[in-house]
1. Taking region 316-358, which residues are among the polar types (S, T, N, Q) and over 23 Å from Q244 (Cβ atoms)?
2. Given the criteria surrounded by fewer than 19 Cβ atoms within 10 Å (Cβ to Cβ) and closer than 30 Å to E345 by Cβ, does L296 qualify?
3. Name the one entry in E209, E233, E226 that is open to solvent by 70 Å² or more (accessible area, probe 1.4 Å), touching a Ser or Thr at 6+ places or on another chain (Cβ under 7 Å) and farther than 16 Å from V23 by Cα.
4. Confirm whether D328 is within 20 Å of T153 (Cα to Cα) and charged (D, E, K, R).
5. Of all residues in region 90-112, how many are in contact with a helix residue (DSSP H, G or I) (Cβ under 8 Å, 6 or more places away or on another chain) and either among the aromatic types (F, W, Y) or without any contact (Cβ under 8 Å) to a residue 60 or more places away in the chain (or both)?
6. Determine if region 28-38 includes at least one residue that is acidic (D, E) and within 23 Å of D151 (Cα to Cα).
7. Tell me, please, whether a residue that is of a type in the set (A, V, I, L, M) and under 12 Å from the mean Cα position of the chain (by Cα) can be found in region 141-156.
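The values are calculated or read from the model by the stated rules, or taken from the named source; none is laboratory data. Quick caveat, the model's predicted, so the values are computed rather than measured. Neighbour counts are summed over all protein chains in view; Cβ atoms, including those assigned to glycine, are modelled from backbone coordinates with ideal geometry. Calculation scope for accessible area: heavy atoms of the full protein, side chains included, ligands and nucleic acids excluded. Shrake-Rupley method; radii C 1.70, N 1.55, O 1.52, S 1.80 Å.
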Amino acid sequence: MNYEEIKDQRIAVLLSGGVDSSVVVYEFARMGLHPDCFYIKIGPEEQEDWDCSSEEDLEMATAVAHRYGCRLEVIDCHKEYWEQVTRYTMEKVKAGYTPNPDVMCNRLIKFGAFHEKRGHEYDLIATGHYAQTEWIDGQKWLTTSPDPVKDQTDFLAQIYDWQLRKALFPIGHYMKDEVREIAEREHLVNARRKDSQGICFLGKIDYNEYVRRYLGEQPGDIIELETGRRIGEHRGLWFHTIGQRKGLGLGGGPWFVVKKDVAKNILFVSHGYDPETAYQQDFRVADFHLLTPCELPMAVTFKIRHTPEFHRARITPTDNNTLMVHADEPIHGVAPGQFCVLYDEQHHRCFGSGEITL
């Protein structure tokens, strides 16, 4: 983050109450800058049994903004979140897919609904994501963080090009331990607060309970793929993901979820350690979204879930903005609905992502 490049820019900081976005505010303050801060309210519906840590989050955000002389405003995006992101999530899981609500939250809420409400008044929108941006040959690129465990470019790979042009990630060049050290050194109120886990708005709510609330249960057979033998009953296909090993309630394991038949409401599983049926090497990616206009190379690296590992592959375009991905090695747990995120061979520049369709 270069002071000369941003000193005259109007900057909005999305301050969540967590340590990462708080260190973002510190980074500006040490340059003598005092950007406007915004706390985005997207929590669950206002019922006590679905209460999360949002009240504590706001208290932390208020304390940090006050300390550094920044104005803090609460922006209510609750309605937009539950109408857009929740609808997306429920439609996908009901159809048997494996969606990623956090990916859509970045596109539709943090850089979407917020922009419509207040963000359009600012030149830059800064967040605490572990990601970077670089200008290469006159174009702005999303690039990876040096921390492979915390890197969040996969969660940002669906934002629009105009959103990327306004995005600023002031801590993206740090390792997570370095951010913690800064927070400790500066005695930030949330320096030792644990990172949030799971979906951004759920807090302490169990994901399956969240799904059950909207879709209920729909019992069906669990079938062993290789033999066709019925070995149990599931409570709803939407509670299970391809590649899942735990939480099936079956004896004599391990068992892996390898396939769903939505029309017949059947969950197919395979028995044993790392069965071949749990792996896939070639798969289709639809509606590929380019972050920065370019011609995709044939050789790439990719991710299909939020892990430190990158996989190597060749890609071939087909039609209607669809790609075939040919991984160098079989990949575990490839599931329809997951986002496949493509990077260059050095897994530095992020090209964008598309939805896996088998």
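1. The first filter runs over region 316-358 and keeps only residues among the polar types (S, T, N, Q), leaving 316, 318, 320-322, 338, 346, 353, 357.
Once the filter is applied, which keeps residues that are among the polar types (S, T, N, Q) and over 23 Å from Q244 (Cβ atoms), region 316-358 yields T316, T318, N320, N321, T322, Q346.
2. yes
3. The unique qualifying residue is E226.
4. Judged against the criteria, D328 is not a match.
5. So the count comes out to 6.
6. Scanning region 28-38, I find no residue that is acidic (D, E) and within 23 Å of D151 (Cα to Cα), so the answer is no.
7. First, the residues of region 141-156 that are of a type in the set (A, V, I, L, M): 142, 149, 156.
Retained after the next criterion (residues that are under 12 Å from the mean Cα position of the chain (by Cα)): 156.
Looking through region 141-156, at least one residue is of a type in the set (A, V, I, L, M) and under 12 Å from the mean Cα position of the chain (by Cα).
Matching residues to (1) under 30 Å from N265 (Cα atoms); (2) within 23 Å of the chain's Cα centre (by Cα); (3) among the aliphatic types (A, V, I, L, M); (4) buried (at least 19 other Cβ atoms within 10 Å of the Cβ):
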| position | (1), (2), (3), (4) |
| --- | --- |
| D36 | no, no, no, no |
| V64 | no, no, yes, yes |
| G69 | no, no, no, no |
| Y81 | yes, yes, no, yes |
